[in-house]
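Have a look at the structure below, then the notes.
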Amino acid sequence: MIGSTVDSGALCLDGRRRLLLAGEYPYYRDTTDLWPVKLAAMREAGLEVVTFYVPWRHHDPDGTGRPRFTGPGNRDLPGFLAAIRAAGLYALPKPGPHVHAELPLGGLPDRMSPSTDPDRVAAVDAAGRPLRAHGRMLPSAADPVFAAASASWLGAVGAVLAPHQYPDGPVVAVQVGNEGTYGETALPIDGYDYALPAVAAFRDWAGGMSPPRSAPSRTAELEPYVRWGAWVARSLGETLRGYVDALGLRVPAFANVSAPARPAANLARAAGRHDAWLARGPGRTPGPAGPHYGYTNWAGDAARDDEALLDQVLTARRGQGPCLEENWSLRWAAPGGRAPSRAIFHSLLGLACGATGISVYTACATAHWDAHLRVDRAHLRETTGDAGLLDPPYGGDAPIDPKGGPGPGNGALRVLTHFLAAEGPHLLASRPGRGLRWYGYHPYTAVNAWRAGAGADPLPPSGLTTFATWCLGTGTPFSPHNLADPRDLDDVDSGDPVVAQVGPFLARAAQHRLARLVAGGADILLVGQPPSLDEHLAPCTVLADALRDAGDRYMVVPPASLGDALDRWPAVSGAGGRLDRLDLRLTGPDGTSVFLFNREPRTRELRVPVADGELSALLPGYGCAAVRLDGDRIAACYAHGPAESGGEPVSITYGPDRIAATGPGDLSVVPGADGFDVAHSGGADNLITLPTRWSARWPATT
């Protein structure tokens, strides 16, 4: 098959699945003479795909509605695509329409804002408060006038990209929207969009029903909440599919779902934030028109914060797809120094959860942009206390500095891509081992997203966060599914143990499927209460009857007792452990890949049983490692030793094989044509010990 496609979340070129190794280069913040310099540096750093926003306001600076793509200067989009191809790289453009990217109005032209044009319809929350970008109101995506302008913009971009599509050019995929349309995949359930055209569209779809605006208190009044929860996901999917259609390209399109912790300032309903995130985002299985699942990762520090860890794991495991944005360079967004340790920890964590690629945002620092791309300094002073927060350079801690030379983390990135370029096919061919399936129920999610507090909620909490935390603590693989999705239900008889969320009502089809599992002797743990109603709130006790006939073979537990119940459940082994270290695994035809994470500040030796042996990794504080084991030997390994951890060396031991560094830094050992290829950071004095039976080739140290 010639061309670019997506298979099980992975980008495929000519029928071959590839691990996405992407880096962001904001061409519109740079001079054209630096384009080839930095693109060459990206390739030298081991990156293969260039991602980049295409800001509407940059290519339509005069507000004429006739965008310019051939110049002057860094508006030459075809020239940038040609430079990408000349560098031997691929391209993944991201034309929005709203791109955020620390640009005024998220990259939209000023004329699109109701703050500039009062005839525009503002996106608002349930209380009528406008959604804003850098102080200015954003237009509602449901406004027909804005929707038509967006389609026109995307059609113009698509016409420019079309001749450059793979295999004729470097464009292998696109991304539409940005964390939804405006980043709303992390907003509360009542945070977007209650504009008049959006409410009218909901009423047409829901048979005249009005959307809810405050939390429910009785089961009898839940239907509007269930319908609104289904609508926010449906409307987002329709909007993104409309963007794909407007581009008119043959290459695949991705969405990028945000992690549930972002943006923290807008999470007014903290108790229901995970439910709101699940309700808002696209489903696990994309529809026939896409876009395919991808995610962006701005959720805090997973190495040091348990909540950020949970958010990132849930995001990576929600669907099959790549990470399309990981912060490597914006220090103000992730305080804690210039080292790339946090980004590497997060990237490896995503891959351990099944992600199909990594992204470096930004790969290149940039320092040249015009006034139309500058966020108002007075607004920054008022909202952040720092008027110069977004002054040049943008992405100052990027692996490639503003002139194209090596920046912070350049050596660490080279070692990471050395490992991933070689191990990508093995990772993509691997899957988590037998684990647990979590079956939530979308209508419960839609209601729980409004959670107001104890005593006022008609449904118990879902238990998902307790479940996911328990699985992480025991190293148990898990995947989230939806009892309301027939495509997920079709796969429920796979034989894996099931934990299912139940409550006072449950769809009749889901009750029958779970009842068949119970009757067949499946391992199933129900969280909540046996339902007595179906999805229409009509009497239905199919599942309750099956449980009564099964005697004491099945547990039905309240969410507050879920952790203890999992500890006692015979279907799984182990008891909920601490999260000071993680042991995650993928198994494939070429062995088992073990990912180890040290979540303490001190150097530790992590020991885990594997098959008939023991794998040991000596990791500095907040270090991480990935080791592929084939039989009784190490087939490949990577270890990251954070520079800020005090300069401790790393080592990996399995059976008779020991791989160790004598100095601080990272190391990668992968199979090569004549033995093993070794890459490491730390300079020439960092000597790497290999098993005596191995021969090795040594790339230049980084």
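Every read-out reported here was derived from the displayed coordinates using simple, explicitly stated rules and does not represent laboratory data. Because the structure is a prediction, the values reported are computed rather than measured. Here the Cβ is made from the backbone with ideal geometry for all residues, glycine too, and neighbour counts use every protein chain on show.
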Point to revise | Residues whose placed amide H lies under 5 Å from that of ASP677, excluding near-sequence neighbours | key: VAL670, GLY672, ARG697
Exercise for review: For the chain, return all DSSP H helices satisfying: extent of Cα atoms along own axis at least 30 Å; mean Kyte-Doolittle hydropathy at least -0.5.
Suggested key: 223-247
Point to revise | For region 394-407, Karplus couplings with θ = phi - 60° (6.51, -1.76, 1.60), whole Hz, Gly/Pro x | key: 8, x, x, 9, 5, x, 10, 7, x, 9, x, x, x, x
Review point. Which residues' amide hydrogens lie under 5 Å from the amide hydrogen of TRP328, considering only partners 5 or more residues apart or on another chain, with H built in the peptide plane?
Key: TYR361, THR362
Check your understanding: How large is the dipole of region 1-87 about the Cα centre if only Lys and Arg carry +1 and Asp and Glu carry -1, each at its Cβ, rounded to the nearest 20 debye?
Key -> 100 debye
Point to revise | 50 Å tail of the calculated P(r), the chain, as % of Cα pairs | key: 12 percent
Practice item. With 5 Å bins from zero, work out the P(r) of region 436-568 over every alpha carbon pair and list the percent per bin. Key: 2, 10, 21, 25, 22, 13, 5, 1, 0
Practice item. Compute the Kirkwood hydrodynamic radius of region 578-688, taking the inverse of the mean of 1/r over all pairs of distinct Cα atoms, and give it in Å to one decimal. Key: 14.0 Å
Revision key, fill the gap. Quick note, region 4-398: a/c under 1.5 would make it rounded; otherwise a/b > b/c is prolate and the rest oblate (a ≥ b ≥ c, C-alpha gyration tensor); here it is rounded
**Study point:** Using θ = phi - 60° and Karplus 6.51 cos²θ - 1.76 cosθ + 1.60, couplings along region 185-194 (whole Hz; Gly, Pro as x)
**Key:** 5, 10, 7, x, 5, 9, x, 5, 10, 10
Check your understanding: Where both partners of a DSSP beta bridge lie in region 436-568, what percent of those bridges are antiparallel, to the nearest 5?
Key -> 5 percent
**Study point:** Coil-residue trypsin sites (Lys or Arg not before Pro) of region 1-96, DSSP, other Cβ within 10 Å capped at 11
**Key:** none
Revision key, fill the gap. With the dipole of region 436-568 defined by +1 on each Lys or Arg Cβ and -1 on each Asp or Glu Cβ, the option from HIS481, TYR554, PRO443 whose Cα lies farthest towards the positive pole is PRO443
Point to revise | Overall dimensions of region 188-252 as given by Cα atoms, namely Rg and Dmax in Å | key: 14.4, 48
Practice item. Counting only DSSP beta bridges with both residues in the chain, tell me the antiparallel percent, nearest 5. Key: 60 percent
Check your understanding: How big is the Kirkwood radius of region 555-628, worked out from every pair of different alpha carbons and given in Å to one decimal?
Key -> 14.3 Å
Review point. Using modelled backbone amide H atoms (1.01 Å from N, in-plane), which distant-in-sequence or interchain residues come within less than 5 Å of VAL6's amide H?
Key: CYS12
